[in-house]
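First comes the structure, then the notes that go with it.
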Amino acid sequence: MEKRQELYAGKAKSVHATDDPDLLVLTFRDDTSAFDGERMESLARKGMVNNTFNAFIMEKLQAAGIPTHFEKRLSGTESLVKKLEMIPVECVVRNIAAGGLVKRLGVEEGKTLSPPTFELFLKDDAKHDPMINESLAETFGWATPEQLDEMKALTFRVNEVLKALFEAGGLLLVDYKLEFGLFKGQIVLGDEFSPDGCRLWDAKTREKLDKDRFRQGLGGVIEAYEEVGRRIGVHFD
Ligand code: C5P
């Protein structure tokens, strides 16, 4: 497999073509962004930590029967993935109130959400990823009702697998965002799962161990990501 030209550079990852038209190389960079890219910083080791973390989670999900784009980790910061036709809709599940939900509805941070909530957002930084719904997604052609049903079902299956995994490490999976795409017509989990795209709290102290440490200027960002990884059995280089 040969890594070829860069196709796209996102805020934290770059995407390269390979000699196989069905496969891409994802490179996890140290770049860290918040507030739709308004704040950017480079955090040493972040690329390696997130690539390794993501590989571990994607393998767990794959083993649980959830189709993912992940093929294999290629190096400290690179992974080989299937080339998906991405669906520009972000799926968010919340088990505990935090972040955007607290801001939007004024509910108390830390409140257990039963049943967990499911929200859709349009992936569009320029528009600040506005909240959308099934009707808007269908009308504007972002996803079909069938695709949305499948994405919702898969997002909740991920919740069952990962809630248990993190719970065993003394961690609460507060909320997370997933992105999906199509591979040969099938809905497949894409993007990444790392502490950049979810909230994880220590189950006893409720200490924040995710990207909120960066958003809120709490420091110890990568140390927290490594701590979370260590507790669920991730081995970093
Ligand atoms: O900001 P909000 O509370 O809506 O985010 C919910 C979850 O989705 C958080 O875990 C956050 O890190 C993640 N998210 C993300 N990328 C976005 C929006 C939210 O990873 N563009």
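Looking for whichever is among the charged types (D, E, K, R), more than 13 Å from the ligand (Cβ to nearest atom), within 30 Å of Ile87 (Cβ to Cβ) and in contact (Cβ under 8 Å) with a residue 60 or more places away in the chain here; the options are Lys177, Lys163, Lys211, Lys184. Which one fits?
Details: Lys177 fails: more than 13 Å from the ligand (Cβ to nearest atom); Lys211 fails: more than 13 Å from the ligand (Cβ to nearest atom); Lys184 fails: in contact (Cβ under 8 Å) with a residue 60 or more places away in the chain.
Exactly one residue qualifies, and that residue is Lys163.
For Arg231, which of the numbered conditions (1) charged (D, E, K, R); (2) within 12 Å of the ligand (Cβ to nearest atom); (3) over 21 Å from Gly99 (Cα atoms) fails to hold?
(2)
Return the pair list, or none, for Cβ contacts closer than 6 Å from residues in the range 92-104 that are of a type in the set (Asp, Glu) to residues that are more than 8 Å from the ligand (Cβ to nearest atom), at least 6 apart or on different chains.
Note: no pairs meet the criteria.
Working only within the range 190-204, note down all residues that are under 18 Å from Glu78 (Cα atoms) and away from the ligand (no atom under 11 Å from the Cβ).
Gly190, the sole residue that qualifies.
Output the qualifying pairs, or none if there are none: Cβ atoms under 7 angstrom, residues six or more apart or on different chains, first residue in the range 193-206 and in a strand (DSSP E or B), second residue among the small types (Gly, Ala, Ser) and within 8 Å of the ligand (Cβ to nearest atom).
Arg199/Ala98; Arg199/Gly99
Of all residues in the range 32-42 being touching a helix residue (DSSP H, G or I) at 6+ places or on another chain (Cβ under 8 Å) and crowded, with 17+ Cβ neighbours inside 10 Å, which is modelled with the lowest pLDDT?
Ala34
Tell me whether the range 140-157 contains one or more residues that are within 13 Å of the ligand (Cβ to nearest atom) and not hydroxyl-bearing (Ser, Thr, Tyr).
The answer is no, given that none of the residues of the range 140-157 is within 13 Å of the ligand (Cβ to nearest atom) and not hydroxyl-bearing (Ser, Thr, Tyr).
Determine whether the range 73-87 contains at least one residue that is touching a residue at least 12 places away in the same chain (Cβ under 8 Å), within 17 Å of the chain's Cα centre (by Cα) and within 16 Å of the ligand (Cβ to nearest atom).
Yes, the range 73-87 has at least one match.
Okay, residues lined up against (1) in contact with a Pro (Cβ under 7 Å, 6 or more places away or on another chain); (2) at pLDDT 95 or above:
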{"site": "Asp125", "(1), (2)": "no, no"}
{"site": "Thr139", "(1), (2)": "no, yes"}
{"site": "Thr144", "(1), (2)": "no, yes"}
{"site": "Lys184", "(1), (2)": "no, yes"}
{"site": "Leu189", "(1), (2)": "yes, yes"}
{"site": "Pro195", "(1), (2)": "no, yes"}
{"site": "Ala203", "(1), (2)": "no, yes"}
{"site": "Arg213", "(1), (2)": "no, yes"}
{"site": "Gly233", "(1), (2)": "no, yes"}
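The values are calculated or read from the model by the stated rules, or taken from the named source; none is laboratory data. All values reported here derive from a predicted model rather than from experimental measurement. Virtual Cβ from ideal backbone geometry, glycine too; neighbours counted across all protein chains shown.
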